[in-house]
Amino acid sequence: MSSRKLQYFGSQILRNSSRIIDISSELESLHSLISDMLEILGIENGLGLAAPQASENVRLFILNSEELNLNGHSIFINPEVTTSGPLHKDEEGCLSIPGIFEYVRRPSSASVTAFDLAGERFTLDLDDYSARAVQHENDHLDGILFVDRLSPLRKRLVKKQLFDIKREYGPGSRIL
Ligand SMILES: [Zn+2]
């Protein structure tokens, strides 16, 4: 059983800006958070999860490195993302917004520099869905959700579903 709850649309934690992690003193304390995040990701069969989704406002996300082309990396601490290339549209979903899958426009390439759990800094130059996944997770650290990036028309169309998620999964309503 994970001690941290998956946060759903409507939770204030998903809207906060997350703080930078002190690499020199906090790495050890991240183990339990990452273990809970891996558990949530496994239970929900997700592609990625950002720390705020697991109730912690720190700059960290994990990605499923078996499904994405990330040169074996799955843990991204204090990531810095730079995007480039033309905008591409592809479908996204989010464990915090169950049942909604929408096309989102994002730059096709992304360069990410982050620290791993050993405190080593690494940089990856990504394309396609891996670039998209990193941008989606990085958005979470700034309190941005993929539904924020929809056109006004699509936003209106998912409004009712978002309201239902808020009502059904509202803060504290579900414990993993
Ligand atoms: Zn998400």
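Couple of notes before you dig in:
- Residue list for segment 58-114, filter: farther than 19 Å from residue 6 by Cβ, of a type in the set (A, V, I, L, M, F, W, C) and part of a loop (DSSP other than H, G, I, E, B): 68, 70
- When 87, 41 are screened for being within 14 Å of the ligand (Cβ to nearest atom) and either over 28 Å from residue 165 (Cα atoms) or not acidic (Asp, Glu) (or both), only 41 passes.
- Number of the exception - residue 128 against (1) open to solvent by 20 Å² or more (accessible area, probe 1.4 Å); (2) more than 26 Å from residue 8 (Cα to Cα); (3) at pLDDT 95 or above: (3)
- When the residues of segment 1-58 are filtered to those that are among the basic types (Lys, Arg) and modelled with pLDDT of 95 or more, the one that is least open to solvent (accessible area, probe 1.4 Å) is 15.
- Residue 114 modelled with pLDDT of 95 or more, within 16 Å of the ligand (Cβ to nearest atom) and closer than 20 Å to residue 53 by Cα: no
- Residue under evaluation residue 170, criteria (1) under 21 Å from residue 36 (Cα atoms); (2) open to solvent by 80 Å² or more (accessible area, probe 1.4 Å); (3) not β-branched (Val, Ile, Thr), criterion not met: (2)
- No other residue among 92, 137, 102 is within 14 Å of the ligand (Cβ to nearest atom), surrounded by 14 or more Cβ atoms within 10 Å (Cβ to Cβ) and in contact (Cβ under 8 Å) with a residue 60 or more places away in the chain apart from 137.
- Selected residue [of a type outside the set (Ser, Thr, Tyr) and farther than 28 Å from residue 154 by Cβ] from 38, 47, 68: 38
The values are calculated or read from the model by the stated rules, or taken from the named source; none is laboratory data. Values in this document were obtained by computation on a predicted structure and should not be read as measured data. Ideal geometry is used to build each Cβ from the backbone, glycine not excepted, and the neighbour counts take in all protein chains shown. Note: areas computed on protein heavy atoms with side chains; ligands, DNA, RNA excluded. Shrake-Rupley method; radii C 1.70, N 1.55, O 1.52, S 1.80 Å.
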